[in-house]
Each structure stands twice: as structure tokens, then as C-alpha cells.
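The block underneath contains the structure these notes are about, expressed in C-alpha cells.
Coordinate-derived values only; no laboratory data. In this text, all values refer to a predicted model and were calculated from it rather than measured experimentally. In this analysis, Cβ positions are derived from the backbone assuming ideal geometry, glycine residues included, and neighbour counts consider all displayed protein chains.
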């Protein structure tokens, strides 16, 4: 009997690429295959190939497709697993593979709709698919999540992945989610593993990620006589031309030149031809940079080879073996094959610093979960004002009720943090009435106590994603727009500009009876903020050449020690003083002790 005979395997994002390769590999080993995705045509083509494999090996297995199912869609995923449970009884293996490249641009230029969509597909899609699959699984079931290791090497070391902020946030959280689910599923006998294959030969890398990254470099740095906005417009037209034959490229460049000519109010054929030559040179430059990125990445791999999609499929199948899965339950493996040089972005202590707050305006954005969150903000704001600083406190309307009352002694407002226009107006008003904002401090509040993440409703999960990822990103993006007006579309304006952004939280749980499950739950959201902060900070410093820095303070410790607000204030002092400007450490664990 074939190894996975009679098993039902669900693979998300399986019409093409890695997902299709995984589905084919399981089919070769006798499994019944369920494939799903947003587009019907690729799924139908994949199903034909899988049916051919089934026919050749005479396994008697079936293949079933669910077109139009986006993993971020609550209803579509739920209905699919309800149908599978009704028609087939149970599901044995689920592979969370679906993903998108997302926006490949500096965070300040990343549309929040695209930011949220990327998080929705990668992170929420993984969560909801897993939660619904669990309802259709028996003991021995397996959830294998394909993630990206190089966004977060481990909780104490980080690698930035410039231009990919929503992707890095999602991937860091996915790694920690796989771990958290392993804790929460032990009573059901279901196993959760994540695998990080590293760079894989795929159209997404060659035709999307690398070219878009190269195009963003050109937008930021500029090209000949084109403005950054014009470069961005042209890039949208020319990136699809990469890899096409000469005739298609020539026609595409001509069309891009005509389009740009209209924007620039140019009508003469000679000038249009000149624009065409410039656009063609831009396309060549983008292609050269994309190839350089690919080559540099391969040089950091021992054998200089990206994995094939079939090799990834072999890995996933091996992890689904009963005995191997038991050994590796809760692990994130293998480590990325790429040997990245990693700067020490994380530290546990900061130098004692007395920041000069006179004439400085510090804005707090607070989403308080508990009274202790409110007390922390009160402590920090009072100490800043005692040292001559001015504070503004924006309180999320989702905060606990005591926040408004206890923080009313400061200049404070309650508002909807999810409305970007409201945030923009409030920051503008604060600047006009009180003065230019120097420091923005975002306080996430603690992770609400829940028995199990996997028992959350979809609304409950979405609220957590908004609280710890989407809403902080929205507020911080508008803060950057306040530091550098018009910098979103004109990157050179960032050069030399100053400002400090600090995220505080969420805290690790503290007390004498903190369990591994408790810590694992919180780490899902800390796991999103670490690579996000590291990535955005590198863009601000290395790409945009600004003196604006984004920092992350993560209170609490692994031994259950209660967070010390005085240590947090010391870290805020250090960042606000500007003395951290040239340091690589941007994430601090003030309550941890590290040698």
C-alpha cells in the first residue's frame, strides 16, 4: 500500500507553483487530494495532472477542487471544511501554502489596503484554515505551515527584509502561530509544524519579488529626469515586460512612453521617442538590479542553489510522516538555507540616559487592554512632562473605559484608530496647536487572556490582528507622513529628517504560574512586530537616508518577572535623546538579563 493511501490532504494555494508540486507529490504516494485557490482555470489544469498521476499508479484516490476560495475569506474556508467533513468524514493533513508577494515598496509608500490584504492572506488565512481544519480532523492529524524563516531567525535575532513590511510581519507571526498551535492541540492529538524552505525556484521570485524590489530601488534613488512618482508609474507598465520577447518589450515600452508623455503634457514624436529610450534604459537597469539581488542571495547558500518546488514538496511529505511529525511537533524547520549576515538588532539593556524634553512634543497612541497599561502610560507621560516635555495622548476607542478617565489630566482625546483620515487630521491638528511632534509612542496594550487562540471566533481573531498589527501600522505610517510631509511619493525628502517612533508591547505574561502556552500565544504578536520594526527601520536608515528611527520595547521576561516601568522609561529616554541613532540595536527587552 502507498504511504498516504486513503489519507485526505488539503493544500491551499495549489493551482500553481509550490502548492501544486506538493499536491502532486502526495498524489504520487496515494493520497486523496483537495486543492483550492482563487482562480478556477489553474486548479482545473492542476486537477487534470493529478488525475493522470492517480490513474498511472492505480491508487483509486480522488482529487477535488474548490475554486474561488480565498484563504482569508471566512465563509469560503468554513464552507469548504464543512463540505469535506460531511462528504468524507475527516481530513488528515492540511498544508498552509497560500500566499502573495504583497506590496514590494517602502512601508511609508505601502497602501494600507494592500498591507492588510497581505496580512489577511498569509497570517489570517493560515489561522482560519487551521481552525476550520481542526474541526474536521481526528487524532493523528497534521497541520504543516509553509513560512519564511529569514524574516525572523529567532525571538532574539532579526533579519530585515526591506520593502516587504506586511510580508515580514505575517511570516514572523506565522512561525510563532505554528508553535502556539502545537501547545493548544496536544489534547486533540493533532500536530502543528512550520517549514521554512528559503529561496525556491518560482515565478513569484523571478517575475515579481526581485523585479519589484529593483524597481523600488529606482523609485527611491531616482532615474535620469524622471521624478519618483513618474518612475513608479512607469514601473507598473514595464515590469510585466521582463522575460518577454523583443517585439512585446518594444511595444510595451512605446505604450509606456505615450502614457507618460500625456502625464507630462508632451506631444512631439521626438520627445516621446526620447522618453521611450529613457524607459527602455530604466527597464534594463531594473533587470540588472534584480539579477544582482538573485545572484547575491545565491552566494549566501553553500551550494549556491535555490531549492526546486519538488524538493519543497518532498520536505512537506517527510514532515507528514507519523513518526517524524511526532518528533518535530511545534518546531519551525528547517532553518533557512541562506547564511545571512545578521546585525545585533536586539539588546536587553540601554545606557542610562537623561533626554532633554524641553521644547519636545511626545505623542502617545494607546490601545489599553488592562489598568496596568493605563498606569504605564500615565507613568511615562508624567515623567516626560516633569522634565519639561509636552505630551498628547490619543486613546483608542477600543481601550478599556478607565483609560479616558485616568489620562484626562493630560492633553488627551479618544478616537477611532482604524480610521486613517481621522489619524491624519488629529496629527495635523496637534502639530498646529502644540507644535511639531518629535516622538510617537504606540502602546499596544497586553494580549487579552484567552484559553486557546484556536477557539477564538473569526471576529475575535480579526480584532487581535487589528490591535497588534494593522492598526499600529496605520498609525505609524501616518506618523511618518507627519515627520516628512509628501515623503510618501517623494522619497528624497526623507534624507536627513529626524523623528522617533517607539512601539511598546505586548508584554510577556508574568507571575508564578505562566505556562508555555501562555507565552506562545503572546509570541504570535510579538513575532509580527519584531521583523516589522526591523524592516521599517532599515528602510528609514539605509534606503531613505533619514535620521528617523523606529524602535520596539518588549516588556516582561521568560521567567515571569513583572515588567518594570522605570526601565521602559529609561529606554524611551535613550531613544528620544537621539543617542541610539547610530546603533544597530532597535529592539529592547528591558526586563530580560543577557550576558
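Rounded to the nearest 500, the 222 nm mean residue ellipticity of the chain from helices alone is -14500 deg cm²/dmol, with -39,500 (n - 2.57) taken per DSSP H run of at least 4 residues.
Spin-label model, residue 514/residue 318: points 7 Å from Cα along the beta carbon direction are separated by 3.5 nm. Which shape class applies to the stretch 499-583: rounded if a/c is under 1.5, otherwise prolate when a/b exceeds b/c and oblate if not, where a ≥ b ≥ c are the square roots of the Cα gyration tensor eigenvalues? The shape class here is oblate.
Overall, the ratio between the Cα radius of gyration of the chain and 2.2 N^0.38 Å, rounded to two decimals, is 1.01.
Spacing of the modelled spin labels on residue 359 and residue 585, each 7 Å from Cα toward Cβ, amounts to 3.0 nm.
At what distance in angstrom do the alpha carbon centres of the stretch 407-469 and the stretch 34-57 lie from each other? Comparing the Cα centres of the stretch 407-469 and the stretch 34-57, I get a distance of 45 Å. Applying 1/(1 + (r/R0)^6) with R0 = 30 Å to the Cβ-Cβ distance of residue 62 and residue 248 gives a FRET efficiency near 0.15. One chain, two ends: residue 409 and residue 233. Fully extended at 0.36 nm per residue, the span grows by 58.5 nm beyond their Cα-Cα distance.
The packing ranking of peptides 225-234, 164-173, 528-537, 255-264, highest mean first, is 164-173, 528-537, 225-234, 255-264, where packing means the average number of other beta carbon atoms within 10 angstrom of each residue. Taking a ≥ b ≥ c as the square roots of the eigenvalues of the Cα gyration tensor, the stretch 346-588 is rounded, since a/c falls below 1.5.
At R0 = 51 Å, how high is the FRET efficiency between residue 379 and residue 79 if r is their beta carbon distance? Nearest 0.05 is fine.
After rounding, the FRET efficiency stands at 0.55.
What number, in percent, do you get for the relative contact order of the stretch 346-588 if the mean sequence gap of Cα pairs under 8 Å and at least 6 apart is divided by its residue count?
It rounds to 23 percent for the stretch 346-588.
Under 17 Å from a label point set 7 Å out along the Cα-to-Cβ vector of residue 387, the amide N atoms of the stretch 496-510 belong to 499-504.
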